Amino acid sequence: MAPTDPRSSSGAPRSFEGPFLSLAAEVLEITPDELADDLGPASFGQWTSLKHLQLVAAVERAYGICLSPREIRSFHTLGELARLIASKGIEA
């Protein structure tokens, strides 16, 4: 299934919806409308190292996967995390 192209409230592209959208919004403590593919620590000051690990834990729990230390360090945006999940055969 091809990714959808919904937009965040800022008009930025977002390739994820559904459970991932809700999960990320809850962990990052923002509304789902504020999430976009390019949201990450460089663009969102509240994305701390602790939030990064909380996001990893929430994704692992929600999708029943285990990310390696390399994978955990490899993503820097929500879009990259969604693609990482998709690479494991799971629709984010």
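Would you tally the residues in the range 55-83 being under 13 Å from A24 (Cβ atoms) and surrounded by 15 or more Cβ atoms within 10 Å (Cβ to Cβ)? Spell out how you get there, then give the answer.
Our first condition is that a residue be under 13 Å from A24 (Cβ atoms); within the range 55-83, this holds for 55-59, 62-63, 75, 77-82.
Next, from what is left, pick out any that are surrounded by 15 or more Cβ atoms within 10 Å (Cβ to Cβ): 55-56, 58-59, 62-63, 75, 77-79, 81-82.
Total satisfying the criteria: 12.
Restricted to the range 77-91, and to residues that are among the aliphatic types (A, V, I, L, M) and within 8 Å of the chain's Cα centre (by Cα), which residue is farthest from G64 (Cα to Cα)?
Going residue by residue through the range 77-91, those that are among the aliphatic types (A, V, I, L, M) are 78, 81-82, 84-86, 90.
From the residues that got through so far, the ones that are within 8 Å of the chain's Cα centre (by Cα) too are 78, 81-82.
Values: L78: 18, L81: 15, A82: 15 Å.
Looking at residues that are among the aliphatic types (A, V, I, L, M) and within 8 Å of the chain's Cα centre (by Cα), I get L78.
Is there any pair linking a residue in the range 19-42 that is within 18 Å of H76 (Cβ to Cβ) to one that is among the basic types (K, R) and at pLDDT below 95, with Cβ under 6 Å and at least six apart or on different chains, and which?
As it stands, the answer is A36/R14; D37/R14, since those pairs meet every condition given.
The values are calculated or read from the model by the stated rules, or taken from the named source; none is laboratory data. This one's a predicted model, so the numbers in the text were calculated from it and none came from an experiment. Cβ coordinates were reconstructed from backbone atoms using ideal geometry, including for glycine residues, and neighbour counts include every protein chain displayed.
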